[in-house]
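Here is the structure we will look at, set down as structure tokens.
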Amino acid sequence: MLIVITGGPSSGKTSVINQLQSLGHHIVEEIARPLINEGVLHPQKDRDVFEREVLRRQLEAEKDLLNSSEIIFLDNSGILDGPPFYTMAGMTAPPEFRETSLKRYALAILLEPLGFYEEDGVRSEDLQFTQAITELLYQDCVDNGLPVVRLSGKLSVEQRVEEVLKQVSSL
């Protein structure tokens with residue numbers, strides 16, 4: 001069962017994923033950040049090429065997990081996140097993003113913005129961007145029939161993880 005932990009940049013996804021992993025849960029790490037760190041592709045240079053490569057790698061990372069009965073948490077999903085990032089760039093997502101159904105996921109946990117934005121040398125967005133893309137991510141889940149639970153940015157990491165596990169246990 002695949003559960004996506006999603007949200008805008010600097011919304012606490014990595015902290016939640018790391019905590020879930022420390023509790024022994026199986027996770028799939030974010031695809032975009034390592035891709036940026038490779039230094040070849042960057043969304044600010046060519047959004048389309050970057051997002052297509054994230055999608056390719058995401059599909060590869062998930063292919064052997066789709067039929068797993070184990071709960072697996074994904075730190076973002078290029079499949080879910082791609083179209084909103086295209087929209088924010090004033091572009092239309094290519095058809096292959098919609099050809100891959102979001103119904104492959106049992107649940108999306110949408111982490112709302114923390115109320116501050118942490119610069120880390122990789123992110124190039126700001127809090128306003130994070131707030132806007134959070135709404136696009138939510139609407140994309142709703143429009144595509146993916147159950148989504150929003151978690152407040154005012155919750156601590158521990159509270160968010162507790163709520164994630166509560167939501168998953170009710171599936």
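Data overview
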{"quantity": "Search result, residues across segment 26-51 that are over 15 Å from the mean Cα position of the chain (by Cα) and either of a type outside the set (A, V, I, L, M, F, W, C) or farther than 20 Å from residue 97 by Cβ (or both)", "calculated": "26, 37, 38, 39, 40, 42, 43, 44, 45, 46, 47, 48"}
{"quantity": "Selection within segment 124-150 - in contact with a strand residue (DSSP E or B) (Cβ under 9 Å, 6 or more places away or on another chain), assigned to a loop (DSSP other than H, G, I, E, B) and not aliphatic (A, V, I, L, M)", "calculated": "147"}
{"quantity": "Lone unmet requirement of (1) within 17 Å of residue 7 (Cα to Cα); (2) outside any helix (DSSP H, G or I); (3) modelled with pLDDT of 95 or more for residue 90", "calculated": "(1)"}
{"quantity": "The lone exception for residue 117 - which of (1) under 26 Å from residue 159 (Cα atoms); (2) within 16 Å of the chain's Cα centre (by Cα) it fails", "calculated": "(2)"}
{"quantity": "Pair list, Cβ under 7 Å, 6 or more apart: segment 10-26 residue at positive phi and small (Gly, Ala, Ser), other residue buried (at least 22 other Cβ atoms within 10 Å of the Cβ) and at pLDDT 95 or above", "calculated": "12/111; 12/160"}
{"quantity": "Residue pairs meeting the criteria (Cβ under 6 Å; at least 6 apart or on separate chains; first touching a residue at least 12 places away in the same chain (Cβ under 8 Å), in segment 140-161; second exposed (fewer than 13 other Cβ atoms within 10 Å of the Cβ))", "calculated": "153/115"}
{"quantity": "Segment 27-41 residues that are touching a residue at least 40 places away in the same chain (Cβ under 8 Å), paired with ones that are acidic (Asp, Glu) and part of a helix (DSSP H, G or I) (beta carbon under 9 Å, 6 or more apart)", "calculated": "28/62; 31/53; 32/51; 32/81"}
{"quantity": "Test: residue in segment 82-99 that is within 24 Å of residue 20 (Cβ to Cβ) and of a type in the set (Ser, Thr, Tyr)", "calculated": "no"}
{"quantity": "In segment 93-117, the residues that are surrounded by 15 or more Cβ atoms within 10 Å (Cβ to Cβ), assigned to a loop (DSSP other than H, G, I, E, B) and not polar (S, T, N, Q)", "calculated": "93, 94, 105, 106, 112, 113, 114, 117"}
{"quantity": "Filter result (assigned to a helix (DSSP H, G or I), in contact with a strand residue (DSSP E or B) (Cβ under 8 Å, 6 or more places away or on another chain) and either at pLDDT below 95 or within 19 Å of residue 133 (Cβ to Cβ) (or both)) within segment 10-55", "calculated": "13, 14, 16, 17"}
{"quantity": "Qualifying residue in segment 143-152 (condition: basic (Lys, Arg) and either buried (at least 16 other Cβ atoms within 10 Å of the Cβ) or over 16 Å from the mean Cα position of the chain (by Cα) (or both))", "calculated": "no"}
{"quantity": "Checklist (1) under 19 Å from residue 14 (Cβ atoms); (2) modelled with pLDDT of 95 or more applied to residue 116, failing item", "calculated": "(2)"}
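The values are calculated or read from the model by the stated rules, or taken from the named source; none is laboratory data. All values derive from a computational prediction rather than experimental measurement. We place every Cβ from the backbone using ideal geometry, glycine too, and count neighbours over all the protein chains shown.
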